[in-house]
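Okay, so here's the structure we're looking at.
The values are calculated or read from the model by the stated rules, or taken from the named source; none is laboratory data. Everything numeric in this text was worked out from a predicted model, so none of it was measured. FYI the Cβ positions are ideal-geometry reconstructions off the backbone, even for glycines, and counts take in every protein chain you see. To get the accessible areas, we keep the full protein, side chains included, count just its heavy atoms, and leave off ligands, DNA and RNA. Shrake-Rupley method; radii C 1.70, N 1.55, O 1.52, S 1.80 Å.
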Amino acid sequence: MTRRFVFLVSGGRPNGNTERLAYRAADALPDAVRQDWIDLTTPALPPFRDLRGEEVPPPDGRLGEIARSLRPATDIVFVAPVYWYALPAPAKLLLDHWSNWLEVPGFDFADWIRGKNLWLITVRADADPGVVAPLEAAMERTAGFLGMTWRGVLNGLGDQPGDVLEDADTLARAPRFFTA
């Protein structure tokens, strides 16, 4: 089976450090691997309303497009910089919407998401690599809850635009990230 990666970009800066690091890692994927890149910031995702206990409609519009991209994917990569020790709002908002997707009759989200690989690529401004721990824990728990395979985090350092390109250790790990 040919692998298919979906990269969910959620940084607040176009072509920011995290996105640059993700491209570096993705460049090492074989040509036969399909890559879909989705910017969760443009257009913005709709607000989340918890619909548990109500009739939940299938995702439509922007969320429907994202769901249609995720369904055939083998690998889902959150490209999410560290913002205040957490995921950026668009990434967290998508996860919130996944809560509703679990409740949609006939959508079978729990079935088709199970077994997919879940990855995180992130960049932090703080020199302490431990600031990534909350994001990593959230994503690892998400994978476990949904029956996905947690594949790990590629964690870089950078603050100003392009800073991650000076993080030699992370750049050296990036081409091997998806082979781990």
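Brief remarks follow.
- Residue match in the range 112-134 (condition: closer than 16 Å to T74 by Cα, part of a helix (DSSP H, G or I) and not hydroxyl-bearing (S, T, Y)): yes
- Check on V104, surrounded by 14 or more Cβ atoms within 10 Å (Cβ to Cβ), assigned to a helix (DSSP H, G or I) and either in contact with an Asp or Glu (Cβ under 6 Å, 6 or more places away or on another chain) or of a type in the set (A, V, I, L, M) (or both): no
- Candidates in the range 59-74 are the residues that are in contact (Cβ under 8 Å) with a residue 60 or more places away in the chain and in a helix (DSSP H, G or I); of these, the one that is least open to solvent (accessible area, probe 1.4 Å) is L70.
- Qualifying positions in the range 136-150 - small (G, A, S) and part of a helix (DSSP H, G or I): A137, A138, A143, G144
- Matching option when the condition is assigned to a strand (DSSP E or B) and open to solvent by less than 80 Å² (accessible area, probe 1.4 Å), among V77, V56: V77
- Single match in A86, A91, A127 (criterion: on the phi < 0 side of the Ramachandran plot and either open to solvent by less than 10 Å² (accessible area, probe 1.4 Å) or at pLDDT 95 or above (or both)): A91
- Cβ separations smaller than 6 Å between residues 6+ apart or across chains give the following pairs from the range 40-56 residues that are touching a residue at least 40 places away in the same chain (Cβ under 8 Å) to residues that are part of a loop (DSSP other than H, G, I, E, B) and aliphatic (A, V, I, L, M): V56/V104.
- Residues that are closer than 17 Å to V153 by Cβ, of a type outside the set (F, W, Y) and out of contact with any Lys or Arg (no Cβ under 9 Å at 6 or more places or on another chain) are absent from the range 39-55 altogether.
- Complete set of residues in the range 56-89 that are in contact with a Gly (Cβ under 8 Å, 6 or more places away or on another chain) and within 17 Å of A125 (Cα to Cα): V79, A80, P81, Y83, P88
- A22 falls short on exactly one of the conditions (1) under 18 Å from the mean Cα position of the chain (by Cα); (2) in a loop (DSSP other than H, G, I, E, B); (3) more than 16 Å from N100 (Cβ to Cβ), and that condition is (2).
- Inside the range 1-19, residues that are assigned to a helix (DSSP H, G or I), β-branched (V, I, T) and more than 13 Å from the chain's Cα centre (by Cα) make up a count of 0.
- Taking the range 41-53 as the range and being more than 15 Å from W101 (Cβ to Cβ) and open to solvent by less than 70 Å² (accessible area, probe 1.4 Å) as the test, only T41 passes.
- Among the residues of the range 130-166, those that are in contact (Cβ under 8 Å) with a residue 40 or more places away in the chain, open to solvent by less than 40 Å² (accessible area, probe 1.4 Å) and not hydrophobic (A, V, I, L, M, F, W, C) comprise T142, G156, G158, G162.
- From the options R24, R13, R20, R34, residue that is touching a residue at least 40 places away in the same chain (Cβ under 8 Å) and surrounded by fewer than 19 Cβ atoms within 10 Å (Cβ to Cβ): R13
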